[in-house]
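Asker: Let me give you the structure first, and then I'll get to my questions.
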Amino acid sequence: MSTIEPTDLVIWGAKGHAKVLREFMPSQNYRIVALIDNNPTIAPPFAGVPVVTGRDGLADFVARHRGALAGIVAIGGFRGRDRIEIQALMSAMGIRVVEAVHPAAFVAGDAVVGTGSHVLAHAALGAEARIGAACILNTSCSVDHECVLGDGVHIAPGAVLAGEVEIGNRSFVGPGAVIASGVQIGADTIIGAGAVVVRDVPANVVAFGNPARIVRANP
């Protein structure tokens, strides 16, 4: 019986989030062949997998590589803009940007996962929910029915979005935060860990607390 050869995969980012992806991407028939990081002194975290430096290092690797190449961005935190830009760079180099859905995640049959997004272990994406490109649904978070997330959004571990929540591009919802049904959160906004959000939150702010209150601008 023939087997399907794994697709070679490059991961941008050589720290913790890359280690998370390493745990399950090989089971989805990807072979990690290189990591990319802007830090030229970072030690390779995986035996036998080189770390190349920045876009020039990636361009050189692509030029020397033979065959199809897939890519994914392993940058967490508040850096949605970086994830979006790096995905565009990969695509421009001919790298096919792929999604990462952990086998222990739940994704409803009619939910939509955008290009390059991650749905990690025990995360849940409910009926008719849609997440944009370069998003992260981190460990054990819940994004319920008909939620809409823009590009580059990160929902941190254990956060809960009730139904019909909308979150703008590049925003971040911290660990354990709870967003009530129907709430709208603007772009480039940070919701702090453990916050309880019961009213709409505008773009470009930081909000903490229970109930969540705006504490400062997020320039």
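Any read-out appearing in this document is the output of simple, stated calculations on the displayed coordinates, not a laboratory observation. None of these values were measured; they are calculated from a predicted model. Every residue, glycine among them, receives a Cβ derived from its backbone with ideal geometry; neighbour counts consider all protein chains shown.
Asker: Which order results if Leu137, Leu149 are arranged by neighbouring Cβ count within 10 Å, fewest first?
Answerer: Ascending number of Cβ neighbours within 10 Å: Leu149, Leu137.
Asker: Also, I was wondering about something else. How far is helix 54-64 tilted, in degrees, relative to the longest principal axis of the Cα atoms in the chain, given as a value from 0 to 90 rounded to the nearest 10?
Answerer: 40 degrees
Asker: Another one. In Å³ and rounded to a whole number, note down the convex hull volume per residue for the Cα atoms of the stretch 101-213.
Answerer: Each residue corresponds to 61 Å³ of Cα convex hull volume.
Asker: Oh, and also: Return a whole-number percent for the relative contact order of the stretch 1-159, with Cα pairs under 8 Å and 6 or more residues apart as the contact set.
Answerer: 16 percent
Asker: Right, next: Taking neighbour counts of Cβ atoms within 10 Å as a proxy for exposure, in what order, fewest first, do His65, His118, His102, His145 appear?
Answerer: Taking fewest neighbouring Cβ atoms as first place, the list is His65, His145, His102, His118.
Asker: Give the Kirkwood hydrodynamic radius (Å, one decimal) of the chain, defined as one over the mean of 1/r across all pairs of different Cα atoms.
Answerer: 17.7 Å
Asker: Normalise the Cα radius of gyration of the stretch 99-158 by 2.2 N^0.38 Å (N = residues in it) and let me know the number.
Answerer: On the way: Rg = 9.5 Å, N = 60, 2.2 N^0.38 = 10.4 Å.
In units of the 2.2 N^0.38 Å rule of thumb, it is 0.91.
Asker: What Rg and what Dmax come out for the stretch 7-98 when only alpha-carbon atoms are used, in angstroms?
Answerer: 12.0, 34
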